[in-house]
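Below is one structure, written out as structure tokens, with a few remarks after it.
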Amino acid sequence: MSAETKVVPVIMCGGYGERLWPLSQKSFPKQFLNLTGDRSLFQILASRLEKLRGDQFDVMRPCVVGNEEHRFLITDQLQEQGWEPVQLILEPSSRNTAATLTLAAMAAIESVDDPLLLVCPADQSIKDNLSLKRAIESAITEARKDSIVIFGVKPTRPDTGFGYICTDDDVAPGHVTSFVEKPDIKRAQQYLQEGSYFWNSGMLVLKASLWLKALKMFRPDILEASQRSWDMRGVDGLFVRPEAEMFSLVPIESIDRAVLEKCVGSVFKIRMVALEADWSDLGSWDSIWGELPKDEKGNALRGTAFAIDTKDTLVYASTRQVGVVGASDLIVVETPDAVLVADRSRSQQVKSVSSSLKALCNEENVLHRKIHRPWGWYKALGEETPYKVKHIRVNPGASLSLQRHEHRSEHWVIIKGIAEITQGDRVTRLYENQSTFISVGEIHRLHNPGDTSLEIIEVQVGDYLGEDDIVRIEDQYGRHL
């Protein structure tokens, strides 16, 4: 492989993973969760791409495209592994993957002069990295010839949760004849038997300019709206923010629907490379069950979970003891926020539960109790009028904004580390088992001057305890004052 071939990996991490509710939620979606190991899917992908860098590949640091609301999740998880993306493009709203790839292509052409893009969703599991590398080598070779190259996975079961690619090797190796959206079970069984159908992995390799040319032909409306938003972007250090109002006008469409399906039989060459790398989408609880180790009866148990006289069942316990007796083929997922019990064969329908919950509840009620912020995180421990209790962790060297509250007072108890506390004109340091009181309207700030995490218990008392009762006076993270 020529070292002159510049490759920009594009990590798409903007989805919400609603089929993995209640563990995956809007504020903390599946790509940032440690679902099957000790690292998130996003971190595993970043590590995998880093290992591609070498003599055969001129692989650059990745361009990461994610949601504005997940910016600190992304940076925290990259910093945990010691990595930094070349750019972090923050989508102000979700417009699906066609818009995501368009932003990445525009950024790449400006900075690297039309490289190949290795486009990777951040929510997949790939176990055989050597086979993956070989597939990428083949894809890059073909993509240099102005082909759009997609990665297909040989089906192992009649899965209705994936899109399918149909190929005809008699025409040419990897010649794509059609795309099929998620089929019903009867058609999925037929595809499995025929042998010419592959699961669509969502990964592809193509020149940045080729994507923009194809988009101009097939979906100029997506290209034009994305271009206007990109031209009006703001840049804040690592963060690149397309203009929000213009971006909201980008039609919501996937890469496949916008371009790839239309390439078949067109002037644009589209090829498929078989990905034989033990790939899994991890898009449903059934696929998580398939990935986790199991006992002799086929049960996958995570956390403090017990299964008696039970088979082929997933029990995922996050915070409490969960027991299942006399069951089979179930999904049982416990979190601090909710509990899911479902037939394993119907795990694709879990998304409807999440959608129904959104319709019934306000946004606060569907958020995780653990909320990440640029300075660390907080976890809600309990709330009942007129009080709320939080566990707060502040990263070493980090600070909350200088702020005040109009409706609540706060009691802080230090449980770990050193707290430097500003109250009006006074700055003091408190240590473990010491406390302070912040009165209503008092200007204050919490800072961690140490080299280990600071943890406190905060008790809020007042007639209104919403997160929007913050009047910021100074903020090092550029948040609204």
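The values are calculated or read from the model by the stated rules, or taken from the named source; none is laboratory data. The structure displayed is predicted, hence computed values, not measured ones. Because the Cβ atoms are built from the backbone with ideal geometry, glycine has one as well, and the counts that use them run over all protein chains shown. For accessibility, only protein heavy atoms count, side chains too; no ligands or nucleic acids. Shrake-Rupley method; radii C 1.70, N 1.55, O 1.52, S 1.80 Å.
Tabulated data
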item	result
With at most 13 other Cβ atoms within 10 Å, longest stretch of the chain clear of loop chymotrypsin sites (Phe, Trp or Tyr not before Pro) (DSSP)	1-430
Per residue accessible area in Å² of region 224-366, where ligands, DNA and RNA are left out and the probe is 1.4 Å	51 Å²
Rounded to 5, percent antiparallel among DSSP beta bridges of the chain	65 percent
Trypsin sites (Lys or Arg not before Pro) within region 79-168, DSSP loop, no more than 12 other Cβ atoms inside 10 Å	LYS127, LYS145
Using alpha-carbon coordinates, inclination of helix 71-80 to the longest axis of the chain, degrees	80 degrees
Apportionment of accessible area to carbon and sulfur, region 60-142, percent (1.4 Å)	42 percent
Cleavage-rule hits (GluC sites (Glu not before Pro)) in region 264-297: DSSP loop, at most 10 neighbouring Cβ within 10 angstrom	GLU296
Fraction of accessible area attributable to carbon and sulfur, region 397-481 (%, probe 1.4 Å)	49 percent
Loop sites in region 1-48: trypsin sites (Lys or Arg not before Pro), DSSP, at most 12 other Cβ within 10 Å	none
